[in-house]
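So the structure is just underneath, and the comments pick up after that.
FYI, it's all coordinate maths here, none of it is from the lab. Computed from a prediction, not measured in an experiment: that's the story for all the values here. Counting neighbours? That spans all protein chains shown, and the Cβs are built from the backbone with ideal geometry, glycine included.
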Amino acid sequence: MGMSARREAEAIRDVLTDPQKRANYDANLEVSDSDSDSDPNIYPHFNEAKMEAKAPEAQFRYANTDAGTEFDLEISGWNLSFNLTSKYSFKGEMTELSGRQVDAMAIGFQIALGKNTSSSEWEDPTVNDIAIRVAQVPNFRRVAGLETMYKELSASSRSLIIRISSELSILGPTAYVTAPFEFGFDFDMNPSSLKPTARPATFPVATHLIFSRKEFPEYLKTTHTSQKCPEYAIKQDEALKGLDTFVDLGSEYWMRVRYGGVAMYRLAAVGHRLGDEGRKPMGGYRFC
């Protein structure tokens, strides 16, 4: 045994035979092991440097077709596309709302819209207002929820906010490597919008929809004052000036909806003004 090896053996024996030195060695070893958890190659989404970094600015492309407008969007590590019916026209303005986080658990954006009342889709709709296809969610997560807020502030000011959230798998990082998420629905549930000739529109008006893979708590089916209810966001929106009159949607307030192979639970609220003549919206109304 060489001199260097002999010294190493003596040092190890010295540590193992001295209780105090052994305790200090074990404590240092535990600290070293815990530090390995911050290795970005082991837990990339918990790395502090990565969490503090900013994602690139959202990139989107769109094209107008006879059927409507097609969008492709890359935002905070997500990759998605969506089709907008020809009932609406895109005004070329998109605003990112999710803070440019790296590998974000949720994303949000807003698009400016106009109405195309000359479209045949107004009289005889053949497709949903919007169909969303999420091709990629960071870190092998899956879409857990979807939320939209469609606002009409005036005849020339309309916008749609879309927020999509994701969830982690308890079965491991590859559990949700599945086909892309696809879901289509109508985001405008204002009764007067369904038949524009029925009566003049009154502004502002808004439709708030909340979709979830998991069933909503029972109390949300009958309680309309909780912060988790769709009415709450409408009443808190500064641009809507505290709307407190809502269409009575009946059984469509809470329901389970399906699009293709995806089933989700939905809560819906439509807030509006009654108008100078106090006209009641179709289906009745209630205050909240």
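Points worth noting:
- Nonlocal amide H pairs with Leu97, under 5 Å, H built at 1.01 Å: Gly108, Phe109, Gln110
- Ordering Asp103, Asp244 by the number of other Cβ atoms within 10 Å of each residue's own Cβ, fewest first, gives Asp244, Asp103.
- Distances between placed amide hydrogens fall under 5 Å for Asp129 paired with Phe185, Asp186, Phe187, all partners being 5 or more residues away or on another chain.
- A cut-off under 12 angstrom between Cβ atoms defines the neighbours of Lys115, and their net charge, with Lys, Arg +1 and Asp, Glu -1, is -1.
- Ser154, Ser86 arranged by Cβ crowding within 10 Å, fewest neighbours leading: Ser154, Ser86
- Across the cross-link table entries Lys87/Lys214; Lys87/Lys241; Lys115/Lys241, which are compared at the Cα atoms, the separations over 28 Å belong to Lys87/Lys214.
- Neighbour-count order for Asp129, Asp66, fewest beta carbons within 10 angstrom listed first: Asp66, Asp129
- One decimal place: the segment Ser156-Asp244 gains 29.4 nm when fully extended, by the rule 0.36 nm per residue minus the C-alpha distance.
- Shape call, the range 53-145: gyration tensor on alpha carbons, a/c limit 1.5: prolate
- Each other residue within a Cβ distance under 10 Å of Leu73 adds +1 if Lys or Arg and -1 if Asp or Glu, for a net charge of -2.
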